[in-house]
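The values are calculated or read from the model by the stated rules, or taken from the named source; none is laboratory data. Here the structure is a predicted model, which means the values were calculated and not measured. Methodologically, a virtual Cβ is constructed for each residue, glycine included, from the backbone with ideal geometry; neighbour enumeration extends over all protein chains shown.
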Amino acid sequence: MNPGLRDTAGHKNGPRVGIAPMEPAANQNLNPENAGLARRAVGPDAGALAEALVQVWRAAYAGIIDAAFLESMNVQQISGRWAHSLGRDTGEKPLVAVVDGEVVGFCQFGVPREESAQGTGELYALNLLPACWGRALGTVLLLEATAELRRLGYGTAYLWVAEGNRRAMDLYERHGWHDTGTTREDARFTPALLERRFAIDLT
């Protein structure tokens, strides 16, 4: 798979971007000291995006996704796919969180990857380096992405989050997303990965 707009997992046999956008940030007020900077990703960010993705998945999905799959994720290969994706002129570029000049996480969103009602967008992924968890940076990315989806003209949006990723669910719920009760299984994993669909009204 290509880690482009619709598949930022960056692993050729990996799950789609939206399997579990996550950032277990603490519920705290934003301020200039902990908010960081959110901007659009550019080509030189490819390595940092790959590093963030691999570190997050190994930390957040331990015990949820097969350990052998997590260990097989290759930063260099994923970085190359990101570089290709960021070099294209199509699609929405990810938002990145920057702290002290370093990219520490990203969030990606845009056109839904599955058939959806008109006016529906999708949040594909939200990943933040584990060392930065609890500093409200995930909240910054989530709120910026939600605002961008609204700016793009979407009236609603959805995401898929892995069962067991409770801290990610808590983040979404704090900011207006809700569990729709819809689930699906990704049979490419053994055992199959159960995902829950969350949604938000952007009007």
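Tabulated data
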item: Residue check for Thr190: within 16 Å of Ile65 (Cα to Cα) and in contact (Cβ under 8 Å) with a residue 40 or more places away in the chain; result: yes
item: Residue in segment 129-148 that is crowded, with 17+ Cβ neighbours inside 10 Å, in contact (Cβ under 8 Å) with a residue 24 or more places away in the chain and assigned to a strand (DSSP E or B) present; result: no
item: All positions within segment 149-166 that are among the polar types (S, T, N, Q) and either in a helix (DSSP H, G or I) or under 15 Å from the mean Cα position of the chain (by Cα) (or both); result: Asn165
item: Count of segment 177-203 residues which are assigned to a loop (DSSP other than H, G, I, E, B) and surrounded by 14 or more Cβ atoms within 10 Å (Cβ to Cβ); result: 3
item: Criterion: exposed (fewer than 14 other Cβ atoms within 10 Å of the Cβ), touching a residue at least 40 places away in the same chain (Cβ under 8 Å) and either of a type in the set (Phe, Trp, Tyr) or over 30 Å from Thr203 (Cβ atoms) (or both) - qualifying residue of Glu51, Glu102; result: Glu102
item: All strands (runs of 3 or more DSSP E) inside segment 47-128 with 1 or more residues being within 20 Å of Glu195 (Cβ to Cβ) and either at pLDDT 95 or above or more than 18 Å from the chain's Cα centre (by Cα) (or both); result: 102-110, 120-128
item: Segment 149-169, subset in contact (Cβ under 8 Å) with a residue 60 or more places away in the chain and aliphatic (A, V, I, L, M), residue surrounded by the fewest Cβ atoms within 10 Å (Cβ to Cβ); result: Leu152
